[in-house]
Amino acid sequence: MVSSLVITGGQKLKGEIRVEGSKNAVLPILAATVLNGGLNVIKNCPGLKDVEIMIEILREIGCVVSKEGSTIIVDSSSVNSTIVPEAYAIEMRSSIIFLGPILSRFGKATIGHPGGCDIGPRPIDLHLKALKKMGTKIQDAQRGFIYCEADKLKGCDIQLDYPSVGATENIMLAAVFAEGDTYIRNAAKEPEIVDLQNFLIGLGVNISGAGTSVVHIEGAANKKLKNIEHVIISDRITAGTYMVAAAMTGGDVTLKGIVPEHISATVSSLREAGCRINVKRNELHISGPARPKAIDIIRTLPYPGFPTDMQAQIVTMLAIARGTSIVVETVFENRFMYVEELLRMGANIKLEGRIAVIKGVKKLTGAQVAARDLRGGAALVLAGLAAEGVTTVSSIKHIDRGYENIEEKLAQLGALIRREV
Ligand code: UD1
């Protein structure tokens, strides 16, 4: 189905919305449900295309999965396959996260090679290097598949060359039934890693250190894990995206159900741009300035630095700021594809490799633009909200991967936006 979002810009966003559960937390946790061979009740799951694909993979390997509202129930007692088909790997790169839990529980796993994607080559060398160190025999990229086998995974000391989120998660999951202790050094510190640790603790795994640079997992080769009920944390990137929507339209928006600590880098940049932001326990109120101020320089970094997943949104806001800003993308190689579309809306942005120099213009103008990836697509919607006239964003399947009913939430805040199929 080919859909577009049609936005008539210029409305100041006003009102209140609740932020959904985190995409990047729910995906590894759904993969981790394979571990206990029992019942997993996962609450606060966002309604996203990526989540549907995870459910399909779970069913494909033999799990019984049901859904009640935002709760997903996975019974993994009936898993009868250790193969994740290639088609899923192509559709969703995060399916690589099944490697750790399937290998840990069954001693073997076959998975379609995820390959590259639109935002860069996205290698998985760190995942595979760590699993090899734990005793896995790997035949990589044989006819599009990765074959992994380990009679007995062995806990060990793993030094990551880069704090990769996915590699940290995969190792945490692989280590659960390994013999002996695993230490992950230079681990990613993202909140989603902490949520995964909390899920594993709920299963009865002895694990600590998530949120710091060293994660320690006590492997328990023959341990029976428990059934679990777990609530997914709220999505810090979705929260940040709606904050930028308020900032760009001079709006007045309250976000409910957030974790303030998780969005502090975004809050700090938006305050620098002139937004007034009041943070309470699980709630935040933002009012945007008449026109945002430029920000000297922002560098995307692993958490707790400024998130690469907010780069496109902040650049889009700076495109209408007073003055010149610089944004440096240090995490991914090719994450400025949306800029070409912003130029068609009248933005003045110069790219030099991983650096964007953004000269703020007074107004963007509505145009027909295409989403090329998830966050870049969301950024084009933000541009449309602030632009003069009508913007049509096509290829919104990318946006649906990561935002639950984006047009309904924005319409609830007074945006003039509709989906056209
Ligand atoms: C996760 C997030 C994604 C986010 C990213 C960085 C999920 C489902 N996705 O992706 O939204 O943008 O973290 O915060 O949680 N790298 C290697 N070798 C590897 C693995 C990664 O070189 O084996 C490199 C990547 O190419 C990239 C950098 O490390 O340049 C960060 O990637 P990583 O942290 O692994 O991102 P993901 O887990 O794929």
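When we measure straight from the Cα of LYS362, which aspartates and glutamates land under 15 angstrom away, once same-chain ones fewer than 8 places off are left out?
Of all the aspartates and glutamates, those that pass the test against LYS362 - Cα under 15 Å, at least 8 places apart if same chain - are GLU388.
With angles folded into 0 to 90 degrees, how steeply does helix 374-386 sit against the dominant principal axis of the chain? Use alpha carbons for both and round to 10.
Computed tilt is about 20 degrees.
If the cut-off is a Cα-Cα distance under 17 Å, which aspartates and glutamates reach LYS350, setting aside same-chain residues fewer than 8 apart in sequence?
Straight-line reach from LYS350, under 17 Å: ASP296, GLU329, GLU333, GLU340, GLU341.
Nearest 10 degrees, 0 to 90: what angle lies between the long axis of helix 23-32 and the longest principal axis of the chain (Cα atoms)?
Orientation of helix 23-32: about 10 degrees from the principal axis.
In the range 23-231, what percentage of the DSSP-assigned beta bridges are antiparallel, given to the nearest 5?
Just about 70 percent of them are antiparallel.
What does the charge dipole of the chain about its Cα centre add up to, to the nearest 20 debye, if the Cβ of each Lys and Arg holds +1 and the Cβ of each Asp and Glu holds -1?
Details: 48 positive and 44 negative charges, 165 e Å.
The calculation lands at about 800 debye.
Can you sort THR330, THR212, THR316, THR254 by 1.4 Å-probe accessible area, starting with the largest? The partial results should precede the final answer.
Details: THR330 50, THR212 70, THR316 0, THR254 25 Å².
Sorted by accessible area, descending: THR212, THR330, THR254, THR316.
Placing +1 at every Lys and Arg Cβ and -1 at every Asp and Glu Cβ, with all other atoms neutral, what dipole size does the range 23-231 have around its Cα centre, in debye to the nearest 20?
Numbers: 21 positive and 23 negative charges, 74 e Å.
Here the range 23-231 has a charge dipole of around 360 debye.
Determine the per residue accessible area of the chain with all protein chains present and a 1.4 angstrom probe, expressed in square angstrom.
Values: 16360 Å² over 421 residues.
About 39 Å² of surface per residue is accessible.
Where does each of ASP296, ASP157 land when they are ordered by accessible area, with a 1.4 Å probe and the largest first?
Values: ASP296 120, ASP157 65 Å².
So, going from the largest accessible area down, we get ASP296, ASP157.
For every other residue with a beta carbon closer than 11 angstrom to the beta carbon of GLU169, add +1 if it is Lys or Arg and -1 if Asp or Glu, then tell me the sum.
Details: positive: none; negative: GLU190, GLU192, ASP195.
Neighbour charge sum, excluding GLU169 itself: -3.
For the range 280-421, give the magnitude of the charge dipole about the Cα centre (Cβ charges: +1 Lys/Arg, -1 Asp/Glu; no others), in debye to the nearest 20.
400
Could you pull out the pairs from LYS12/LYS409; LYS43/LYS189; LYS129/LYS226; LYS152/LYS226; LYS129/LYS152; LYS108/LYS189 whose alpha carbons sit more than 19 Å apart here? List each step's numbers first, then the result.
Working: LYS12/LYS409 14 Å; LYS43/LYS189 23 Å; LYS129/LYS226 30 Å; LYS152/LYS226 22 Å; LYS129/LYS152 17 Å; LYS108/LYS189 28 Å.
LYS43/LYS189; LYS129/LYS226; LYS152/LYS226; LYS108/LYS189, as the Cα separations exceed 19 Å there.
Expressed as a whole number of Å, what is the distance separating the alpha-carbon centroids of the range 276-291 and the range 46-107?
One Cα centre to the other: 37 Å.
Shape verdict for the range 23-231, please, from the Cα gyration tensor: rounded (a/c under 1.5), prolate (a/b greater than b/c) or oblate. Please report the intermediate quantities before stating the final value.
On the way: a/c = 1.26, a/b = 1.08, b/c = 1.17.
Rounded shape, in that the Cα axes give a/c under 1.5.
Counting only the heavy atoms of the protein chains, how much of HIS398 is accessible to a 1.4 Å probe, in Å² to the nearest 10?
30
Each label point is 7 Å from the Cα along the Cα-to-Cβ direction; what then is the distance between the points at GLU408 and ASP161, in nm?
4.5
Quick one: in the chain, what % of C-alpha pairs are over 28 Å apart?
Values: 41881 of 88410 pairs.
Considering the chain, 47 percent of its Cα-Cα pairs are separated by more than 28 Å.
Measure nothing fancy, just the Cα-based angle from helix 191-203's long axis to the longest principal axis of the chain, in degrees from 0 to 90, nearest 10.
On a 0 to 90 degree scale, this one is about 30.
Among DSSP beta bridges whose residues both lie in the chain, state the antiparallel percentage, nearest 5. The partial results should precede the final answer.
Details: 56 of 81 bridges.
Approximately 70 percent, going by the DSSP bridge assignments.
Given a 1.4 angstrom probe, I'd like the percentage of the accessible area of the chain that is carbon and sulfur, rounded to a whole number. Don't skip to the end; give the middle numbers.
Working: 7900 of 16360 Å².
It is 48 percent, rounded to a whole number.
The values are calculated or read from the model by the stated rules, or taken from the named source; none is laboratory data. Being a predicted model, the structure only gives us computed values, none of them experimental. With ideal geometry, Cβ positions are generated from the backbone for all residues, glycine too; neighbour counts draw on all protein chains shown. What goes into the accessible areas is simple: the full protein's heavy atoms, side chains included, and nothing from ligands, DNA or RNA. Shrake-Rupley method; radii C 1.70, N 1.55, O 1.52, S 1.80 Å.
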